Amino acid sequence: MQGASQNAITPSVRDAWQGLGYLTRNQALRGLATSVSTMNVAAGLLIVGLPMLVLDRLRENAAVVGLLWGLRACANSVSERLERLG
């Protein structure tokens, strides 16, 4: 039974390695992967860092954190609308 599951996993692992090789050879995909990964790290830092900054450093309460998230959402909405205009 273990041999059957090992054979089923091997093509998937091989395909994943081939895909990774294709990614490293393609300049456009490398740039895209790098920029998306960087943006994800930055977004993660913001998600963790904003509440920590407001609560610990500025000594404010959770309502201020919520207000800042709301302002961020409004700014995002405005920027999306401006992007559609032109």
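The values are calculated or read from the model by the stated rules, or taken from the named source; none is laboratory data. Computed from a predicted model, the values in this text were never measured in an experiment. Methodologically, a virtual Cβ is constructed for each residue, glycine included, from the backbone with ideal geometry; neighbour enumeration extends over all protein chains shown.
List of remarks:
- Conditions (1) basic (Lys, Arg); (2) surrounded by 10 or more Cβ atoms within 10 Å (Cβ to Cβ); (3) outside any helix (DSSP H, G or I); number of the one not met by Arg72: (3)
- Residues in the range 29-57 that are farther than 30 Å from Gly19 by Cα and either surrounded by fewer than 10 Cβ atoms within 10 Å (Cβ to Cβ) or β-branched (Val, Ile, Thr) (or both): Ile47, Val48, Val54, Asp56, Arg57.
- Taking residues in the range 50-67 that are on the phi > 0 side of the Ramachandran plot and modelled with pLDDT of 95 or more, and partners anywhere that are among the charged types (D, E, K, R) and in a helix (DSSP H, G or I), not one pair has Cβ atoms closer than 6 Å while being at least 6 places apart or on different chains.
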